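Chemist: Quick one: the structure is below, questions incoming.
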Amino acid sequence: MRAGKPAGKFLQTLAGTRFPTPPIWLMRQAGRYLPEYRAVRSTTKSFLDFCYTPDKAIEVTLQPIRRFGFDAAIIFSDILVVPDALGQKVWFEEGEGPKLEALTDAAQFGRLSRARIADRLAPVYEAIRGTRAALPGETALLGFAGAPFTLACYMIEGSGSKDFAKVKQWAYAHPESFGLLIDLLVEAVVDHLAYQVEAGVDAVQLFDSWAGVLPEEQLFRWSLDPMVRIAKGLRERHPAIPVIAFPRAVGPAALMYRRPDTFAALSIDTGIGAHWAARELQPHICLQGNLDPIMLVAGGEAMDREATRILDKLGHGPFVFNLGHGVVPQTPPDHVARLVEVVRRWKPGTP
Ligand code: 1CP
């Protein structure tokens, strides 16, 4: 917690305070759907160079706060800065997303070293310092990292994937060597998050975007356990920092992540029903979510109704309004402004 500054609605909600309406921020709230983002983005060719230019990262982090007044900003960066800092070759192809020189053999792990993280990612930490200084005191600043399984997906597949066959086959056939990669990533992510906290973030989110491709029996070992180890490792270094877990598309296995002693909140995706979540999850842990990002594209009365339905189910308990996944590029910015209004004007009725 920042000494002397008032903690705003978002941090107070994570700490257990209730407000008449929940705080709101959106995953991927900075990005291509905003013309002002595209304008800054067009000044740098390489996406990683863009992430590593503090002035630009600060500017695009602040853009959605200026436009919509969200309760939290998320530092503009990417989950793939961690494999990059470890020494794996990472680049982004225009219109195609991330590419990596794929790992094919455990012998290659020796080339990855977390000793380079502080240096290579220094521009990210500088951007955090600059953003924190520029943000209103009541707006929280979130840091983030990819969870180890999701990072391993990109590191082994070499890009996004339809079936994640390579990473899953490795995990199933060679769990010992896959476990070594996961262990390395646990340590690297703890370092990266600790440096983000030292630079000024108020809370962090762990994105396990691809957890849902694992069968339930494998989730404990490759998704939940590494995330728990990260949260504990980080809190050994920074005891007060809230950690939000986002294990995407895990269905009812979300019950396993319901750990208030470890996570300050559980971010739920669109596949989880608000009614079930209110009954099974929220009595134990603060929830975040889970409007369908395509509902935000659709807008209009359909969006108003769905946002209100989620608020009616979850707004009575500890809750942060968000999407079930990130804002997509075709989202009209006006619909985002309207959503913020719907959330802030919501009147709690009987649950
Ligand atoms: O040129 C561009 O503008 C590239 C698009 C883009 C953007 C805007 C990429 C490439 N990354 C980002 C920023 C980003 N990535 C943020 C910024 C902060 C914010 O939310 O406003 C964050 C939090 C991420 C995290 C991220 N990157 C995740 C986890 C969240 C999720 O969406 O599941 C993942 C999986 C990535 C990988 C990645 N980076 C970029 C793309 C297009 C992707 C996804 C590729 C795929 O679907 O496999």
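The values are calculated or read from the model by the stated rules, or taken from the named source; none is laboratory data. The model shown is predicted, which means the values in this text are computed figures rather than measured ones. Here the Cβ positions follow ideal geometry from the backbone for every residue, glycine too, while neighbour counts run over all protein chains shown. Just so you know, the surface numbers come from the protein's heavy atoms only, side chains and all, with ligands and any DNA or RNA stripped out. Shrake-Rupley method; radii C 1.70, N 1.55, O 1.52, S 1.80 Å.
Chemist: Give me the residue from region 96-116 that is open to solvent by less than 80 Å² (accessible area, probe 1.4 Å) and within 16 Å of the ligand (Cβ to nearest atom) and, out of that set, farthest from THR44 (Cα to Cα).
Modeler: Here the answer is ALA102.
Chemist: Further question: Here is a list of conditions, (1) among the hydrophobic types (A, V, I, L, M, F, W, C); (2) without any contact (Cβ under 8 Å) to a residue 60 or more places away in the chain; (3) within 15 Å of the ligand (Cβ to nearest atom); (4) open to solvent by 30 Å² or more (accessible area, probe 1.4 Å), and PHE76 meets all of them except one; can you say which number that is?
Modeler: (4)
Chemist: Write out, first by first residue and then by second, each pair whose Cβ atoms fall under 9 Å of each other, whose residues are 6+ apart or on separate chains, and whose first residue, in region 134-154, is more than 11 Å from ILE74 (Cα to Cα) and β-branched (Val, Ile, Thr) while the second is part of a strand (DSSP E or B) and open to solvent by 10 Å² or more (accessible area, probe 1.4 Å).
Modeler: THR150/PHE207
Chemist: Could you please let me know if PRO23 is more than 13 Å from the ligand (Cβ to nearest atom), touching a Lys or Arg at 6+ places or on another chain (Cβ under 8 Å) and not hydrophobic (A, V, I, L, M, F, W, C)? Break it down into steps so the answer makes sense when it comes.
Modeler: Values: more than 13 Å from the ligand (Cβ to nearest atom): yes; touching a Lys or Arg at 6+ places or on another chain (Cβ under 8 Å): yes; not hydrophobic (A, V, I, L, M, F, W, C): yes.
So PRO23 passes the test.
Chemist: Quick check on this structure: which one of THR17, THR13, THR53 is β-branched (Val, Ile, Thr), open to solvent by 50 Å² or more (accessible area, probe 1.4 Å) and more than 12 Å from the ligand (Cβ to nearest atom)?
Modeler: Working: THR13 fails: open to solvent by 50 Å² or more (accessible area, probe 1.4 Å); THR53 fails: open to solvent by 50 Å² or more (accessible area, probe 1.4 Å).
Step by step, each of THR17, THR13, THR53 is checked, and only THR17 is β-branched (Val, Ile, Thr), open to solvent by 50 Å² or more (accessible area, probe 1.4 Å) and more than 12 Å from the ligand (Cβ to nearest atom).
Chemist: Given the conditions (1) assigned to a helix (DSSP H, G or I); (2) without any contact (Cβ under 8 Å) to a residue 40 or more places away in the chain, which single one is not true for LYS162?
Modeler: (1)
Chemist: Before we move on, is ALA274 modelled with pLDDT of 95 or more, among the hydrophobic types (A, V, I, L, M, F, W, C) and within 16 Å of the ligand (Cβ to nearest atom)?
Modeler: Working: modelled with pLDDT of 95 or more: yes; among the hydrophobic types (A, V, I, L, M, F, W, C): yes; within 16 Å of the ligand (Cβ to nearest atom): no.
Here the answer is no, as ALA274 does not meet what is asked.
Chemist: Could you grab me the full set of residues in region 16-52 that are at positive phi and in contact with a Phe, Trp or Tyr (Cβ under 8 Å, 6 or more places away or on another chain)? Let's see the steps before the verdict.
Modeler: Residues of region 16-52 that are at positive phi, as a first pass: 16, 28, 31.
Residue satisfying the conditions is GLY31 alone.
Chemist: Of everything in region 202-223, what is open to solvent by 10 Å² or more (accessible area, probe 1.4 Å) and either without any contact (Cβ under 8 Å) to a residue 12 or more places away in the chain or under 21 Å from PHE76 (Cβ atoms) (or both)? Give them in sequence order.
Modeler: Within region 202-223, ASP202, PHE207, SER209, PRO215, GLU217 qualify.
Chemist: Picking from PHE68, PHE47, which residue would you name as being near the ligand (Cβ under 8 Å from one of its atoms) and either open to solvent by 10 Å² or more (accessible area, probe 1.4 Å) or basic (Lys, Arg) (or both)? It would help to see each step written out before you state the result.
Modeler: Values: PHE68 fails: near the ligand (Cβ under 8 Å from one of its atoms).
Within the list PHE68, PHE47, the selection yields PHE47.
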